[in-house]
Amino acid sequence: MSDQKAILHLPGKEPIELPILKGSAGNDVIDIRTLGKTGYFTYDPGFLATASCESAITFIDGDLGILEHRGYPIDQLAEKSDYLEVCYLLLNGHLPNRVQFDEFHRVVSKHTMLHEQLVMFYKGFRRDSHPMAIMVGVVGALSSFYHDSLDITNETHREITAFRLISKMPTIATMSYKYSTGQPFMYPDNTLSYAGNFLRMMFATPCEEYVVNPVLESAMDKILILHADHEQNASTSTVRLAGSSGANPFACIVAGIASLWGPAHGGANEACLEMLEEIGSVDNIPEYINKAKDKNDPFRLMGFGHRVYKNHDPRATVMRKTCHEVLDDLKIDDPLLDVAMELERIALEDPYFVEKKLYPNVDFYSGIVLRAMGIPRSMFTVIFATSRTIGWISHWKEMLDQPGQKIGRPRQLYTGESGLSFDHVDVRCKSDDCE
Ligand code: SDX
């Protein structure tokens, strides 16, 4: 809190003092909670200048390209930590000691399997269903299996639900892929790391031993870390809004998955690869750059731009390095990477992108890395959702822990008709003596 005030002058009213609240870092905010009594609302579609909540989980400085989880810079977490430790950090607010981490890992490994009835759920989907559609269906169905832990006011219920979601998302995700291939589901192997288990459930078959490639395991772990949380993005805000009504956590996470699916958000990595394939060769790049700049053309460079980052997305910097490590290790000469690198070079020099501060974001490189790892494009956003689940749960938990939490209920600027009288001919009347 600070003693600074913003003074608002409204027509025909006394000046209004609005408190200015200071955080531990980043922008100060003007507290407008009392504004409603003046008869005015603020207007901010897309929430370009609106802080929806107070949070201590993730800090982003878009101008400086800073991303920190509980104060730790993302590049250090990606290089020195692992996804499960980052899950503990996001959820609990501090890094675990050895005993705490071992217990966290033990509990996560005890919940990786799905109820066999839920496994049958997959059989109701068409084989060519998009894995995101399957994930929305299956995660939503989880609440029908856990009637014993849906009381969101119960701390133990909240904790076990968090563990179930962290543990089961990789199993749900990989099963949606296996189902699309007609191959049998692979059950989790709890002796493997979180990332190694994911790769094994994706690519192993019961017919032969599967050995996790350590380079791919490290790359998958980095991808999971880099996508784990990102402040109040669209899907996290969706989870918070759903949770504010008291909906059960599985329903809230499904709302987040649905929001993430959009190509402007988590669907961008899949859309980016489609774009690179459509561009096809370095020679075609100028044509697509012009399309992206053309106001009358809906085409945008997928994987470029960000609501917050007006500098490099620090995740993209780590992802770019990981991308080259994977391609070098697998000795893959991917022409799409040539297109991607040339596109990045041109875009970063083009005045349009420079002036609008449109840099490559995390999705620009993640698509190429995942493709190099043999992961089909339709699974890219599924992996993003698997990783972001810990962010969604952490924000949901933080919101419920905050005193005085209210249901989210924005207002509007109404521009429709009003005060009409219903003297309309009753179209439902069929007899001749109707008026
Ligand atoms: C994610 O919020 C998060 O934190 C999200 C995320 C997370 O971890 O949760 O970081 C993950 O969603 C990353 C973003 C992935 N999306 C894409 O890569 C899709 C392509 N990018 C754009 O759709 C866009 O940049 C957004 C949606 C990401 C951001 O859009 P904004 O903030 O609403 O900005 P805008 O659309 O108002 O664009 C500002 C200007 C516009 O031009 P003008 O109207 O001012 O003339 O920049 C232009 C836009 O036309 N512009 C682009 C562009 N992105 C913005 N022009 C061409 N190509 C682009 N990619």
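A few comments on the model shown:
- When residues of region 377-399 are limited to those that are away from the ligand (no atom under 16 Å from the Cβ) and at pLDDT 95 or above, the one nearest to ASN154 (Cα to Cα): LYS397
- Matching residues in region 274-286 - criterion: being within 15 Å of the ligand (Cβ to nearest atom) and without any contact (Cβ under 8 Å) to a residue 40 or more places away in the chain: MET275, GLU278
- Counted as qualifying within region 341-435 are the helices (runs of 4 or more DSSP H) with 1 or more residues that are over 26 Å from SER259 (Cα atoms), namely 351-355, 362-372.
- Complete set of residues in region 238-273 that are open to solvent by 40 Å² or more (accessible area, probe 1.4 Å) and within 12 Å of the ligand (Cβ to nearest atom): THR238, TRP261, PRO263, ALA264
- One residue stands out in region 287-317 among those that are near the ligand (Cβ under 8 Å from one of its atoms) and not in a loop (DSSP other than H, G, I, E, B): the one that is surrounded by the fewest Cβ atoms within 10 Å (Cβ to Cβ), namely LYS293.
- If you filter region 202-237 down to residues that are of a type in the set (Val, Ile, Thr) and within 15 Å of the ligand (Cβ to nearest atom), you find that the one that is surrounded by the most Cβ atoms within 10 Å (Cβ to Cβ) is ILE223.
- Region 30-40, residues that are at pLDDT 95 or above and open to solvent by 50 Å² or more (accessible area, probe 1.4 Å): ILE30, ILE32
Residues checked against (1) under 20 Å from PHE384 (Cβ atoms); (2) in a loop (DSSP other than H, G, I, E, B); (3) open to solvent by less than 60 Å² (accessible area, probe 1.4 Å):
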site: VAL108; (1), (2), (3): yes, no, yes
site: MET113; (1), (2), (3): no, yes, no
site: ARG127; (1), (2), (3): no, yes, no
site: ASP148; (1), (2), (3): no, no, no
site: ASP151; (1), (2), (3): no, yes, no
site: PHE163; (1), (2), (3): no, no, yes
site: PRO170; (1), (2), (3): yes, no, yes
site: TYR177; (1), (2), (3): yes, no, yes
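- Once region 43-84 is narrowed to residues that are more than 16 Å from the ligand (Cβ to nearest atom) and either within 18 Å of the chain's Cα centre (by Cα) or among the hydrophobic types (A, V, I, L, M, F, W, C) (or both), the residue that is least open to solvent (accessible area, probe 1.4 Å) is LEU84.
The values are calculated or read from the model by the stated rules, or taken from the named source; none is laboratory data. Note that the coordinates shown come from a computational prediction; the quantities given were computed from them, not determined experimentally. Glycine gets a Cβ as well: all are built from the backbone with ideal geometry, and neighbour counts include every protein chain shown. Side chains are part of the model used for accessible areas, which takes the heavy atoms of the whole protein and leaves out ligands, DNA and RNA. Shrake-Rupley method; radii C 1.70, N 1.55, O 1.52, S 1.80 Å.
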